[in-house]
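Visitor: The structure that follows is given in the form of structure tokens.
Nothing in this text is a laboratory measurement; each read-out follows from the coordinates by a stated rule. What you see is a predicted model, and the numbers here were worked out from it, not measured in a lab. Virtual Cβ from ideal backbone geometry, glycine too; neighbours counted across all protein chains shown.
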Amino acid sequence: MSLTKSQFKQNFKRRLKDDLALDIDEASYFDMYKVLAGMVKSAYNQNWHHTWRSYDQQHKKQLYYFSIEFLPGRMLQSNLFNMGWLEIVKDGMKELGVDFEKVVEQENDMALGNGGLGRLASSFMDALASDGYAGNGNGIRYKYGLFKQKFIDGYQVELPNNWLNEGNVWEERRETHSVLVRFGGQVYLQPKNGQLKPVYEGSQLVKAVPYDTGMVGYENGVVNTLRLWDAEIPEDEESKYRTIDDLRRVEDLTSVLYPDDSTEDGRRMRIRQEYFFVSAGLQSILNHYLEKYDQPLTKLDQYVAVHINDTHPSMAIAELMRLLMDEHGLGWEDAWQVTVNVMSYTNHTIMAEAMERWDINMMQQEVPRILQIIQEIDRRFVLSLEGKYDQNFINRTRIIANNQVHMAHLAIIGSHSINGVAKLHTELLKKEVLHDFYRLYPERFNNKTNGVTLRRWMAIDNPRLAAILDQEIGSDWRKNPLELEKLLKYRSNNKVLDQLIAAKQANKRDLAKFIKQQTGIEVSSKAIFDVQIKRLHAYKRQLLNLLRIVKLYQDLKANPNADIYPRVFIFGAKAAPSYQYAKAVIKCINEVANLVNNDPDIHDKLKVVFLENYNVSLADRIIPAADVSEQISLASKEASGTSNMKLMANGALTVATMDGANIEIHDYVGDDNIFTFGLSSQEVYRYYADNSYHASEYYENDPVIHRVVDAFVDGTIPNISMEGREIFESLVQYNGDQFFVLRDFESYLKAQDKVDQAYRNPKHWAQMSLINTANAGHFSSDLTIDRYVDDVWKLTPNK
Ligand code: 9GP
């Protein structure tokens with residue numbers, strides 16, 4: 001896919017004419033985006049074709065990564081980069097007098113995810129292709145994806161994210177690969193040719209149509225496939241869709257990500273969505289396998305691996321059993337063996353509310369045959385334990401209990417590999433959360449610490465940093481991330497440190513400009529840019545950060561000359577629409593921002609900026625400019641975190657609890673290059689065991705905490721009478737403060753004081769920052785993928 005600058009300019013102008021009948025001075029930025037993306041796609045299409053043909057010809061084992069979320073973000077720049085075209089196009093555009101950034105900004109984020117889970121799935125897509133493995137994605141083509149967040153009077157308001165409005169240049173509708181997915185009705189079993197076969201009555205078929213997007217590998221000619229499914233009414237079933245409700249139930253299948261699960265309708269829709277993409281994905285895998293590989297289904301596990309990303313796709317286990325038995329005539333034992341060998345599962349959280357359990361009646365109504373199969377898996381599981389384990393153990397581990405289907409249990413029992421996403425998380429799974437299962441299947445448990453696409457977060461998003469790296473250590477770090485360690489040699493090199501300082505300053509100026517444009521808030525790039533970007537959740541403790549901001553505000557009001565190094569607090573976070581508490585925190589942050597930013601006593605010492613609609617393209621802008629990375633979840637609660645990795649790679653220093661992957665970051669950079677604080681996970685578990693944490697005691701006995709928490713109800717922070725009260729009460733009750741915010745507050749203040757002091761010595765700060773960047777290679781998703789490939793999926797690289 002080689003291209004020279006003059007070829008690019010010529011082709012670009014010609015395509016503008018051929019496709020849109022426009023000269024360059026007549027074209028809008030959106031026209032240019034469409035034409036450029038079209039050029040990129042036609043250029044990689046040949047490789048795409050060649051890649052899947054070669055997998056088929058070589059009968060390569062293929063991985064299918066099933067995920068309810070994918071978050072590729074904008075794809076134009078990353079595709080250009082992976083094809084080796086980015087610099088040529090940037091230069092060419094400049095010579096054509098076109099502002100390339102404006103072209104890039106025309107692309108709507110492909111925002112089919114909520115946070116770390118979806119972004120991880122997309123970084124795995126990039127790494128699989130870049131490492132040359134046959135790995136594909138399988139998910140849902142949501143029409144609206146995750147909502148668009150707006151702040152109105154400081155409140156989060158959710159708007160539909162109509163990302164497909166202007167079309168999606170990257171996708172390809174593959175009508176001929178459509179399959180039918182069956183919902184509802186009654187099912188009973190009838191003997192047929194010596195086997196029991198299901199007979200369906202009153203069920204409805206939905207047509208699943210795949211839309212494929214090429215996943216371009218980094219400079220290696222590999223293009224894998226992300227397959228996202230849309231739901232339509234099948235042509236010859238139209239007569240069965242008579243009511244508006246019927247129509248809507250099909251449309252809604254692919255409307256939004258995470259329908260509100262606080263209502264029965266929402267939960268029902270989630271079950272339908274999960275079954276829809278799982279069934280469609282597995283049918284298309286089997287169709288392809290039988291047609292192109294022409295091998296018996298008993299050998300499926302030699303050629304196919306299916307990965308269950310979090311519990312949402314767990315029904316894949318029952319669905320593969322159904323397909324193998326009902327559609328292809330395998331007996332239970334053969335089907336089960338193949339299924340367990342094909343399936344593997346990653347757990348991404350220990351938060352109980354995220355471990356899905358579905359009401360058995362609802363499953364009976366929506367997916368009756370799947371429920372039958374799950375009941376049989378459960379019956380056999382219980383049978384296998386009887387006599388060996390006591391009844392309590394059996395009740396704790398079985399799939400169906402108290403009229404609920406425990407989806408994580410299904411995933412564990414039906415997979416050959418179960419992994420957590422950071423060392424601590426995997427240990428907690430083994431010792432606490434999934435301990436019973438660890439006793440049953442110790443050999444299935446393994447750790448795979450997450451990783452991030454360093455090429456995107458460093459080379460594309462932070463060209464200033466990348467230029468310094470390329471000049472000092474060469475550019476191989478893009479392919480071999482551990483090369484970044486070579487940077488350590490320059491930790492005392494003043495020239496390099498000065499360059500790093502200058503690059504960060506320039507990135508901060510860019511972000512300051514963007515903040516001004518978006519919010520009207522003026523921030524100084526000389527201040528510390530202190531960043532917390534992640535989903536809004538009580539366990540992530542944005543509130544801890546906010547309490548400290550309130551304390552600093554109170555300190556400055558009491559003494560306007562207090563020696564506080566100027567700081568800009570930057571937040572980006574969405575709260576789930578039905579999560580009232582998280583929304584209350586958003587409102588409070590916004591009101592504190594109003595208060596602090598407009599108080600003349602504060603001068604420029606504190607600024608608080610909450611950027612709306614946090615998504616991948618906003619992260620692309622914020623991360624290169626961060627000085628401080630807030631990773632302050634209660635120890636044990638954050639499975640891994642991935643913003644911690646992106647931020648350290650870009651030289652931000654982490655303020656960290658010993659949680660998730662923070663622990664591994666700490667191990668690599670060493671005590672002196674990270675600011676740790678707070679309870680350890682063992683201490684948290686000890687508190688749970690003896691029930692001895694009483695938040696009210698901290699409120700009563702610590703005057704600083706008292707004063708700060710009172711600010712939420714005494715009028716110090718205006719316009720938060722309801723939300724302030726909610727937060728106040730959650731904190732000060734005897735057994736309140738579920739996430740130990742007050743317990744960790746003092747220790748957090750001390751860590752932040754160290755940050756304040758350390759930043760005053762720019763050279764030393766730059767050294768610490770360099771050490772973080774140099775160690776970031778360990779958190780590359782390329783390496784994480786290598787470990788999945790070797791231990792779990794057993795793939796071989798493409799030649
Ligand atoms: O909360 C975890 C986060 O810690 C992790 O980094 C990410 C990717 O593994 O998954 C998140 N989990 C979820 O979004 C839901 O389980």
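Visitor: Sketch the reach of a paramagnetic label on ASN598 as a point 7 Å from Cα along Cα-to-Cβ, and name the residues of region 695-719 whose backbone nitrogen lies under 15 Å away.
Guide: Answer for region 695-719: 716-719.
Visitor: What residues qualify as long-range amide H neighbours of PHE445, i.e. H under 5 Å apart, gap of 5 or more or another chain, H built at 1.01 Å from N?
Guide: ILE418
Visitor: Would you grab the residues whose amide H sits under 5 Å from the one on VAL306? Only those 5+ places off in sequence or on another chain, please, with H modelled 1.01 Å from N.
Guide: HN-HN under 5 Å from VAL306: TYR64, MET343, SER344.
Visitor: For THR263, THR642, what's the fewest-to-most ordering of other Cβ within 10 Å of each Cβ?
Guide: Numbers: THR263 11, THR642 26.
So the residues, fewest neighbours to most, are THR263, THR642.
Visitor: Additional query: Need one word for region 93-137: rounded, prolate or oblate. Basis is the Cα gyration tensor (sqrt eigenvalues a ≥ b ≥ c); a/c below 1.5 gives rounded, then a/b vs b/c decides. Provide the component values of the computation, followed by the final result.
Guide: Numbers: a/c = 4.12, a/b = 1.76, b/c = 2.35.
Taking the square roots of the gyration eigenvalues as a ≥ b ≥ c, region 93-137 is oblate.
Visitor: Along the Cα→Cβ direction, 7 angstrom out, place labels at ASP563 and TYR188. What is the inter-label distance in nm?
Guide: For ASP563 paired with TYR188, the spin-label model returns 8.5 nm.
Visitor: When the gyration tensor of the chain is built from Cα positions, what are the square roots of 5 times its three eigenvalues, in whole Å, from largest to smallest? Working shown, then result.
Guide: Values: eigenvalues 357, 237, 128 Å².
Output for the chain: semi-axes of 42, 34, 25 Å.
Visitor: Past the 19 Å Cα-Cα mark, which pairs from LYS90/LYS495; LYS13/LYS41; LYS150/LYS516?
Guide: Details: LYS90/LYS495 28 Å; LYS13/LYS41 16 Å; LYS150/LYS516 17 Å.
Table pairs above 19 Å Cα-Cα are LYS90/LYS495.
Visitor: Calculate the spin-label point distance for GLU333 paired with ASN494, positioning each point 7 Å from the Cα along the beta-carbon direction, and give it in nanometres.
Guide: It is 7.8 nm.
Visitor: Check each of the GluC sites (Glu not before Pro) in region 690-788 and keep only those in coil by DSSP with at most 10 other C-beta atoms within 10 angstrom; list them in order.
Guide: Here no GluC sites (Glu not before Pro) fit, given the DSSP loop and packing criteria.
Visitor: When Lys and Arg each count +1 and Asp and Glu each count -1, what net charge do the other residues less than 14 Å away from GLN738, Cβ to Cβ, add up to?
Guide: Numbers: positive: LYS540, ARG541, LYS637, ARG743; negative: GLU353, GLU726, GLU729, ASP737, ASP744.
With Lys, Arg at +1 and Asp, Glu at -1, the net is -1.
Visitor: Follow-up question, since we're still on this one. Once the piece of chain linking GLU729 and ASP245 is laid out straight, how much longer is it, given 0.36 nm per residue of separation minus the C-alpha distance between them? Please report the intermediate quantities before stating the final value.
Guide: On the way: separation 484, 0.36 × 484 = 174.24 nm, distance 4.20 nm.
Result: 170.0 nm gained on full extension.
Visitor: Please compute the contact order of the chain in relative form: average sequence separation of alpha-carbon pairs under 8 Å and at least six residues apart, divided by the residue count, as a percent. Don't jump to the answer; show the numbers that get you there.
Guide: Numbers: 1444 pairs, mean separation 105.5, N = 799.
In percent, rounded to a whole number, it is 13.
Visitor: Okay, moving on. Let me know the shape class of region 505-604, please: from the alpha-carbon gyration tensor, a ≥ b ≥ c as square roots of the eigenvalues, rounded when a/c is under 1.5, otherwise prolate if a/b is greater than b/c, or oblate.
Guide: Oblate, because a/c is 1.5 or more while a/b does not exceed b/c.
Visitor: Additional query: Looking at region 349-426, which trypsin sites (Lys or Arg not before Pro) are DSSP coil and have at most 13 other C-beta atoms within 10 Å of their C-beta?
Guide: Details: sites: ARG357, ARG369, ARG379, ARG380, LYS388, ARG396, ARG398, LYS423; in loops: LYS388, ARG398.
Answer in residue order: LYS388.
Visitor: Right, something else. With n ≥ 4 as the cut-off for DSSP H runs, can you work out [θ] at 222 nm for the chain, using -39500 (n - 2.57) per run divided by the number of residues, rounded to the nearest 500?
Guide: So the helix-based figure for the chain works out to -14000 deg cm²/dmol.
Visitor: Right, here's the next one. Please report SER239, SER279 as a ranked list, fewest other C-beta atoms within 10 angstrom at the top and most at the bottom. Display every interim value, and only then the final one.
Guide: Details: SER239 6, SER279 27.
Placing the least packed residue first, the sequence is SER239, SER279.
Visitor: From the Cα gyration tensor of region 454-784, with a ≥ b ≥ c the square roots of its eigenvalues, which class applies: rounded if a/c is under 1.5, or else prolate if a/b is larger than b/c, or else oblate?
Guide: Judged from the Cα gyration tensor, region 454-784 comes out prolate (a/c at least 1.5, a/b above b/c).
Visitor: Now, a different point. Using Cβ counts within 10 Å as a stand-in for footprinting exposure, how do HIS537, HIS706 rank, fewest first?
Guide: Numbers: HIS537 22, HIS706 14.
Starting with the residue having the fewest Cβ neighbours, the order is HIS706, HIS537.
Visitor: Length gain on complete extension for the stretch GLU172 to ASN392, per 0.36 nm per residue less the alpha carbon to alpha carbon distance? Write out the running numbers ahead of the final one.
Guide: Values: separation 220, 0.36 × 220 = 79.20 nm, distance 5.10 nm.
Full extension from GLU172 to ASN392 adds 74.1 nm.
Visitor: Moving on. If I model a spin label as a point 7 Å beyond the Cα along the Cα-Cβ vector, how far apart are those points for GLU427 and ARG53 in nm?
Guide: Calculated label separation equals 5.2 nm.
Visitor: Could I ask something else about it? Just tell me which lysines come within less than 23 Å, Cα to Cα, of LYS754; anything on the same chain fewer than 8 places away is out.
Guide: Hits, sequence-local ones excluded: LYS504, LYS508, LYS526, LYS540, LYS551, LYS557, LYS605, LYS607, LYS646, LYS763.
Visitor: Determine the gain in length on full extension of the stretch GLU683-LEU159; use 0.36 nm per residue of separation and subtract their C-alpha separation, reporting nm with one decimal. Working shown, then result.
Guide: On the way: separation 524, 0.36 × 524 = 188.64 nm, distance 4.13 nm.
Gain in length upon complete extension: 184.5 nm.
Visitor: What FRET efficiency comes out for the pair GLN580/ASP359, r = Cβ-Cβ distance, R0 = 35 Å, nearest 0.05? Display every interim value, and only then the final one.
Guide: On the way: r = 23 Å, r/R0 = 0.66.
So the FRET efficiency works out to roughly 0.90.
Visitor: Tell me, what HN-Hα J-couplings in whole Hz come from the Karplus equation 6.51 cos²θ - 1.76 cosθ + 1.60 at θ = phi - 60° for each residue of region 188-199, using x for Gly and Pro?
Guide: Values per residue, Gly and Pro as x: 9, 9, 9, x, 8, 6, x, 10, 8, 10, x, 10 Hz.
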